[in-house]
Amino acid sequence: MEIREGLTFDDVLLVPKRSGIVTRSQTNLQTKLSKNISLNIPVISANMDTVTESAMAVAIAREGGIGIIHRFLTISEQVNEVLKTKRSGSIIIENPYTINPEQTVHEAMESMREKGASGLLVTDNQGQLVGILTRRDIVMLESKDESKKVTEVMTNDVITAKFGVDIVEAKDILRKNCIEKLPLLDERGHVKGLITSKDIINAGNYPQASKDKKGRPLVGAAVGVKGDFMERTEALLDAGADVIVVDIAHGHSENAINTVKLIKKAFPNCELIAGNVATAQGTEDLIKAGVDAVKVGVGSGSICITRVITGSGVPQLTAVVDCAQVGKKYDIPIISDGGVRTSGDATKALAAGASTVMVGSLLGGTDESPGSFMMKNGKRYKIYRGMASFYAALGRKNKETSNASLVEDLNDYVAEGVEAMVPYKGSVTDIIKQLTGGIRSGLSYCGANNIPQMQQNAEFIKMSTAGYAESQPHDVELM
Ligand code: XMP
């Protein structure tokens with residue numbers, strides 16, 4: 001048997017090339033996520049329950065990348081995360097959240113908490129605007145009596161504008177009247193939209209943001225290959241998800257291929273990513289089934305033990321090189337998923353042919369990742385766990401099954417991921433800045449202005465163990 005050599009990020013370096021780049025800002029990180037979607041930075045946040053829900057998806061889209069909402073939620077919970085992402089950062093919110101004047105303040109507070117909204121428009125049974133209820137109205141409520149009706153607490157005199165108002169005019173109305181929310185009405189007084197000052201400010205602050213045709217943040221959502229995946233896909237697309245990711249550990253399987261075919265048949269306009277695979281044949285089979293991008297990486301993730309448990313996988317750099325050659329042939333982008341710890345790793349994955357990198361552990365432990373903080377030895381941490389870990393499976397089964405069958409099911413469960421914790425890292429924005437700053441410098445070392453140019457110029461050199469040791473800080477006491 002002929003055995004090939006498989007290499008990963010730490011086995012290689014990119015050979016520096018003559019460069020005309022004077023400053024990093026000259027470089028362009030635009031890239032393709034999939035056949036029909038472009039991003040301004042090549043970064044995707046992983047569809048994991050300790051990485052991507054709406055807060056992460058909003059933050060990453062503002063920087064020019066995209067987040068994929070994980071699938072370990074009920075359909076309505078996952079749809080809600082997509083809706084929350086779409087609302088946040090879009091200048092005109094379509095179908096803003098409303099409440100009836102006869103409902104209680106308590107109900108309004110519940111609704112605001114669940115939807116992450118700072119206010120609700122109050123509409124009567126005919127859908128006409130009769131008031132607005134904001135957190136301020138509730139805080140000012142003297143008796144703190146939450147059983148009061150919304151109509152008793154809301155602001156009645158609402159300044160509004162016509163649906164279709166020009167953004168400059170809307171800004172003017174907000175500024176002149178010192179208000180934060182401007183409901184947009186049709187000629188019958190029915191609510192058609194909402195413009196908030198916060199969203200206008202945000203739009204100016206994030207010129208790189210990745211947006212859909214309506215100016216809303218791009219967001220993706222993952223589905224599985226069993227059970228409710230068709231119903232889930234339909235609901236997610238209806239909610240505005242820009243891309244669906246068929247997410248399965250062994251993506252080169254009949255299950256994954258059939259799922260891709262079924263989704264593409266039922267929703268031909270759905271932008272579809274599938275994975276994970278680690279071989280040229282796996283990539284080709286998914287492309288032939290109809291995908292718009294292929295996710296590559298088997299056992300490469302920081303919390304993965306697939307290679308330990310099953311003995312299967314391909315070191316990530318070789319996997320990307322092999323899959324990218326097929327991707328190039330069909331003009332289908334490749335996503336390198338897992339194993340990126342530094343901007344150097346990301347640069348190597350892109351140079352090897354990936355159009356984007358999907359990252360998990362790098363973004364775990366941030367303000368925007370789901371989960372609460374825990375303390376250990378006086379330091380703050382957040383949980384970061386593999387989606388095939390025992391506790392992630394326990395969470396899923398708890399939702400799906402009765403407790404009696406739970407024990408039986410889990411007795412047979414073979415985990416392919418571990419539970420871990422990562423130190424608190426602050427805001428994801430700073431991490432993305434470091435990551436993209438490093439990639440930009442990486443382009444410059446390759447004498448390239450952009451990612452496709454780097455892929456053309458890239459020359460890898462294999463390192464010895466001594467070469468690797470030399471690449472790390474050495475012979476100094478780190479502070
Ligand atoms: P990083 O290295 O960025 O990797 O933390 C994130 C990627 O790891 C994959 N993933 C898993 N792989 N068992 C696995 O074998 C797991 O339990 C598991 N959970 C996540 C996934 O591709 C993710 O994007």
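None of the figures in this text is laboratory data; all of them are computed from the coordinates on show. Quick caveat: nothing in here was measured; it's all calculated off a predicted structure. Cβ coordinates were reconstructed from backbone atoms using ideal geometry, including for glycine residues, and neighbour counts include every protein chain displayed.
Of note:
- T50 long-range amide H proximity, modeled H, under 5 Å: R385
- For the stretch 93-205, the tally of Lys pairs with Cα-Cα distances below 15 Å comes to 7, considering only residues 8 or more apart or on different chains.
- The orientation-averaged projected area of the convex hull spanned by the Cα atoms of the stretch 93-205 comes to 7.2 nm².
- Contact order, relative form, for the stretch 93-205: 27 percent (alpha carbon pairs under 8 Å, 6 or more residues apart, mean separation divided by residue count).
- Dipole magnitude (debye, nearest 20) for the stretch 235-387, charges at Cβ of Lys, Arg, Asp, Glu: 540
- Straight-line cross-link reach from K433 at under 17 Å between alpha-carbon atoms covers these lysines, not counting any fewer than eight positions away in the same chain: K425.
- Mean residue ellipticity (222 nm) of the chain, computed from DSSP H runs ≥ 4 via -39,500 (n - 2.57), nearest 500: -11000 deg cm²/dmol
- Scaled radius of gyration (Cα, divided by 2.2 N^0.38 Å) that the chain gives: 1.06
- Listed by chain and number, the aspartates and glutamates whose alpha-carbon sits under 12 Å from that of K17, ignoring those within fewer than 8 places in the same chain, are E459.
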